[in-house]
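To start, the structure under review is shown below, and the notes come after it.
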Amino acid sequence: MSLPLNEEHILLVKAWKKFGEEAQLQVLEEECAELIQAISKLRRGKIRFGKVIEEVVDVDLCIAQFRLFNKGILWNQYHDAKVKRLKELIGDFKL
């Protein structure tokens with residue numbers, strides 16, 4: 001079940017405010033570690049791809065919270081620079 005964007009936004013704000021920055025950063029760290037572990041297990045054939053997707057979603061929700069509360073302008077500058085770099089790496093690649 002997906003929430004409408006505004007409801008999801010409110011939920012993320014509430015979680016960040018309720019648990020606090022330090023706790024949410026720790027959760028982000030733990031979720032990133034679980035994603036790394038899931039990818040490793042997938043490569044060894046120990047889990048299915050759905051588990052990796054589950055972990056990606058966990059990380060995505062943590063990042064969404066982090067983005068809401070941590071200097072959106074700075075976030076956008078880094079994001080734009082990374083997208084520009086990816087575009088340069090891909091160059092004239094044709095599908």
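The values are calculated or read from the model by the stated rules, or taken from the named source; none is laboratory data. Since the structure is predicted, the reported quantities are computational estimates derived from the model, not experimental observations. All Cβ positions, glycine included, derive from the backbone under ideal geometry; neighbour counts span all protein chains shown.
Take the conditions (1) modelled with pLDDT of 95 or more; (2) in a loop (DSSP other than H, G, I, E, B); residue 92 misses just one of them, which is (1).
Residues are listed down the side, and each one gets a yes or a no for (1) among the acidic types (Asp, Glu); (2) closer than 20 Å to residue 11 by Cβ; (3) part of a helix (DSSP H, G or I); (4) in contact (Cβ under 8 Å) with a residue 12 or more places away in the chain:
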| site | (1), (2), (3), (4) |
| --- | --- |
| 41 | no, no, yes, no |
| 51 | no, no, yes, yes |
| 63 | no, yes, yes, yes |
| 68 | no, yes, yes, yes |
| 73 | no, no, yes, no |
| 76 | no, no, yes, no |
| 79 | no, no, yes, no |
| 84 | no, no, yes, no |
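Evaluation of residue 13 against the conditions (1) surrounded by 10 or more Cβ atoms within 10 Å (Cβ to Cβ); (2) without any contact (Cβ under 8 Å) to a residue 40 or more places away in the chain; (3) in a helix (DSSP H, G or I); (4) of a type in the set (Val, Ile, Thr) shows that the sole unmet condition is (2).
Yes/no matrix, rows are residues, columns are (1) touching a helix residue (DSSP H, G or I) at 6+ places or on another chain (Cβ under 6 Å); (2) within 12 Å of residue 65 (Cα to Cα); (3) small (Gly, Ala, Ser):
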site	(1), (2), (3)
14	no, yes, no
17	no, yes, no
31	yes, no, no
34	yes, no, no
41	no, no, no
44	no, no, no
